[in-house]
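The values are calculated or read from the model by the stated rules, or taken from the named source; none is laboratory data. Note that the structure is predicted; figures quoted are calculated from it, not measured. No Cβ is skipped: glycine too gets one built from the backbone with ideal geometry, and neighbour counts run over all protein chains shown.
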Amino acid sequence: MERTWAISGIDLHVEVGGTRVARSLERELRAAVTGGRLPAGTRLPSSRTLGADLGIARNTVAEVYGRLAAEGWLESRVGAGTWVARRPGPPPAGADAEPPPPPALDLRGGIPDPSAFPRGEWAAALRRAVESAPADAFDYPDPRGAAPLREALAGYTARARGVRARAENVVVGHGFGDLLALLCRALARRGARRIAVEAYGHGRHRRIAAAHGLEPVPVPVDADGADVAALEGLDVGAVLLTPAHQFPTGAVLSPERRRALVRWAQRRDALVLEDDYDGEFRYDRRAVGAVQALAPDRVVYLGTASKSLAPGLGTAWAVAPAGLVPELVGLRELSGAGHHVPGQLALADLITSHRYDLAVRRARAVHRDRRRAVAAAVAGLPGCSLSGPEAGLHCPLELPAGVSEAAVSAEAARRGLALEGLASFGSGAPERGPAMVIGYGAPRPHLFAPALAAAVAAVAAHLP
Ligand SMILES: Cc1ncc(COP(=O)(O)O)c(C=O)c1O
């Protein structure tokens, strides 16, 4: 009985009226099916449920279903239910104009392999967290994020990345872009008009800044990271940087520049947005801690679960100076966005039980091995070399002068591989020699070797 109830209790909006109820219901249902509101495969409520919902006899509904089934609009099976029938028909309009499928092989930068998401551990953490949380946890949430997650992140970022963090200063966001948007709006409200960004980076982040009131102004990047001295001449209220592992050139911000950056921010009363997107992924035992520890009142530290778990979780965090938190909370409330509490509780469970550390270590081992496989595969390409430290999910492959990045990308595409040139991440004219960004984090395990082979072949085809 319960099974029948569960599958028959389906809501369906139909307006019936007048004296000829059966006619009215039939007309409404036929129109809903032929008009596409109820597409093929849609399950309909049982005649008992729909009759009760509409205040009409069950038999009246059964008769109408029967007539529409006889015409071929519906299908019924005794004991199983009634559906909108699947009918062969012409392909939907515009079917030929569909975009081509993406290439099967992918070495784009900054993208982790979503098949590595630890589903079982996440599902177990979600169950543990949801079952043990007090009822209050499911009330309207704290705009900064769920308290257990903010506690867990304060502990984790302090322990693993050297951040000066307290739970009150942690703000959870829907991915890095969400927090960047909030921060840009807060800065714009304080009167800032421009934000310095690294000359190479995500175009999307530059567009987010612009969409939220701050014009991005590029600063050059070299082997020591962003050229911090170049900030001196700029009229900007903040700078967005990737100090631990510049995206996508791979450079690490030198200790001198880290100190100069903080001095600049203090002198200019400016804010540093420290994007630590892959700070946990260092393979040469030379991990650099967060710049934030040098000046917690000037630096907003930003981390994400996209690389350690999966981008689809859409979870990132900021550790912000105390004075900025109320502004971020105010803007968060105005944004109308809510938080998905169960997911936050699950992440808190993973972090406090140290399973998150295990996930990071597993991902680190995979990416370290892939980085080394890339190094071995490109060793035979004359005039080419990898640059940057053994870190992260990508590395630039420097090409001999004169080789066209666009030609290598096009050659890779012919081999079914998505591969980007460094210039495609630039915000202006290229500042350095040609290079391809090898995003070795992206492929599924069985596609890594073919993707790498395609990249090597595409580069080899264009070497002088
Ligand atoms: C430079 C950089 N910053 C931040 C992020 C994290 O963004 P999100 O949290 O939206 O995945 C990424 C992810 O690709 C990145 O490459």
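Please tell me if LEU328 is away from the ligand (no atom under 15 Å from the Cβ), in a helix (DSSP H, G or I) and within 24 Å of the chain's Cα centre (by Cα). Step through it out loud before you land on a result.
Values: away from the ligand (no atom under 15 Å from the Cβ): yes; in a helix (DSSP H, G or I): yes; within 24 Å of the chain's Cα centre (by Cα): yes.
For LEU328, the condition - away from the ligand (no atom under 15 Å from the Cβ), in a helix (DSSP H, G or I) and within 24 Å of the chain's Cα centre (by Cα) - is met.
Considering (1) surrounded by fewer than 24 Cβ atoms within 10 Å (Cβ to Cβ); (2) farther than 22 Å from VAL437 by Cα, say which one VAL239 fails and leave the rest.
So VAL239 meets the others, but not (1).
Among the residues in region 393-400, are any surrounded by fewer than 19 Cβ atoms within 10 Å (Cβ to Cβ) and not assigned by TED's automatic domain parsing to the domain that holds THR249? Lay out the reasoning, then the answer.
Of the residues in region 393-400, the ones surrounded by fewer than 19 Cβ atoms within 10 Å (Cβ to Cβ) are 400.
Restricting the remaining residues to those that are not assigned by TED's automatic domain parsing to the domain that holds THR249 gives 400.
Yes, region 393-400 has at least one match.
How about region 206-225: which of its residues are over 20 Å from THR304 (Cβ atoms) and within 13 Å of the ligand (Cβ to nearest atom)?
Listed by number, the list holds a single entry, VAL221.
Show the residue pairs that are 6+ apart or on different chains and have beta-carbon atoms under 9 Å apart, the first residue being within region 100-117 and basic (Lys, Arg), the second being modelled with pLDDT of 90 or more and within 14 Å of the ligand (Cβ to nearest atom).
The qualifying pairs are ARG108/HIS394; ARG108/GLU420; ARG108/VAL437; ARG108/GLY439; ARG108/ALA442.
Looking at VAL272, VAL262, which one is within 16 Å of the ligand (Cβ to nearest atom) and under 23 Å from TYR200 (Cα atoms)?
Numbers: VAL262 fails: within 16 Å of the ligand (Cβ to nearest atom).
Residue meeting the stated conditions: VAL272.
Of all residues in region 352-376, which are among the aliphatic types (A, V, I, L, M) and either out of contact with any Leu (no Cβ under 7 Å at 6 or more places or on another chain) or under 19 Å from GLY250 (Cα atoms) (or both)?
Step one: list which residues in region 352-376 are among the aliphatic types (A, V, I, L, M), which gives 358-360, 363, 365-366, 373-376.
Answer for region 352-376, where residues must be among the aliphatic types (A, V, I, L, M) and either out of contact with any Leu (no Cβ under 7 Å at 6 or more places or on another chain) or under 19 Å from GLY250 (Cα atoms) (or both): LEU358, VAL360, ALA363, ALA365, VAL366, ALA373, VAL374, ALA375, ALA376.
Being among the aliphatic types (A, V, I, L, M) and either away from the ligand (no atom under 16 Å from the Cβ) or at positive phi (or both) is the filter here; which residues of region 164-205 pass it?
To start, the set of residues in region 164-205 that are among the aliphatic types (A, V, I, L, M) comprises 165, 167, 170-172, 179-183, 186-188, 192, 195-197, 199.
Scanning region 164-205 gives ALA165, ALA167, ALA186, LEU187, ALA188, ALA192.
Give the residues of region 282-309 that are assigned to a loop (DSSP other than H, G, I, E, B) and crowded, with 17+ Cβ neighbours inside 10 Å, sorted by residue number.
Step one: filter region 282-309 for residues assigned to a loop (DSSP other than H, G, I, E, B), giving 283-290, 295-298, 305-309.
Listed by number, the residues that qualify are TYR283, VAL288, ALA290, ALA295, PRO296, ARG298, ALA305, SER306, LYS307, SER308, LEU309.
Which of the residues belonging to region 299-312 are of a type in the set (A, V, I, L, M) and near the ligand (Cβ under 9 Å from one of its atoms)?
Of region 299-312, the ones of a type in the set (A, V, I, L, M) are 299-300, 302, 305, 309-310.
The answer is LEU302, ALA305.
Pick from THR60, THR49, THR19: which is modelled with pLDDT under 95 and either acidic (Asp, Glu) or in a helix (DSSP H, G or I) (or both)?
Working: THR60 fails: modelled with pLDDT under 95; THR19 fails: either acidic (Asp, Glu) or in a helix (DSSP H, G or I) (or both).
None of the others qualify; the one that does is THR49.
Write out, first by first residue and then by second, each pair whose Cβ atoms fall under 6 Å of each other, whose residues are 6+ apart or on separate chains, and whose first residue, in region 372-392, is assigned to a loop (DSSP other than H, G, I, E, B) while the second is of a type in the set (Ser, Thr, Tyr).
Close Cβ pairs satisfying both conditions: GLU390/TYR283.
Can you find, within region 128-159, the residue that is surrounded by the most Cβ atoms within 10 Å (Cβ to Cβ) among those that are farther than 21 Å from ASP357 by Cα and among the acidic types (Asp, Glu)?
Within region 128-159, the match that is surrounded by the most Cβ atoms within 10 Å (Cβ to Cβ) is ASP142.
Out of all the residues in region 434-446, is one or more free of Cβ contacts under 8 Å to residues at least 60 places away in the same chain and assigned to a helix (DSSP H, G or I)?
yes
Restricted to region 82-113, and to residues that are at pLDDT 90 or above and not in a loop (DSSP other than H, G, I, E, B), which residue is nearest to the ligand (Cβ to nearest atom)?
Ranking the candidates gives ASP106 first.
Considering only region 254-281, how many residues are surrounded by fewer than 17 Cβ atoms within 10 Å (Cβ to Cβ) and closer than 20 Å to ALA154 by Cβ?
Selection size over region 254-281: 0.
Can you name every residue in region 401-412 that is among the aliphatic types (A, V, I, L, M) and either in the same structural domain as VAL252 (by TED's automatic domain parsing) or in contact with a helix residue (DSSP H, G or I) (Cβ under 7 Å, 6 or more places away or on another chain) (or both)? Steps first, please.
Taking region 401-412 as the starting set, the residues that turn out to be among the aliphatic types (A, V, I, L, M) are 401, 403, 406-408, 410, 412.
The answer is VAL408, ALA412.
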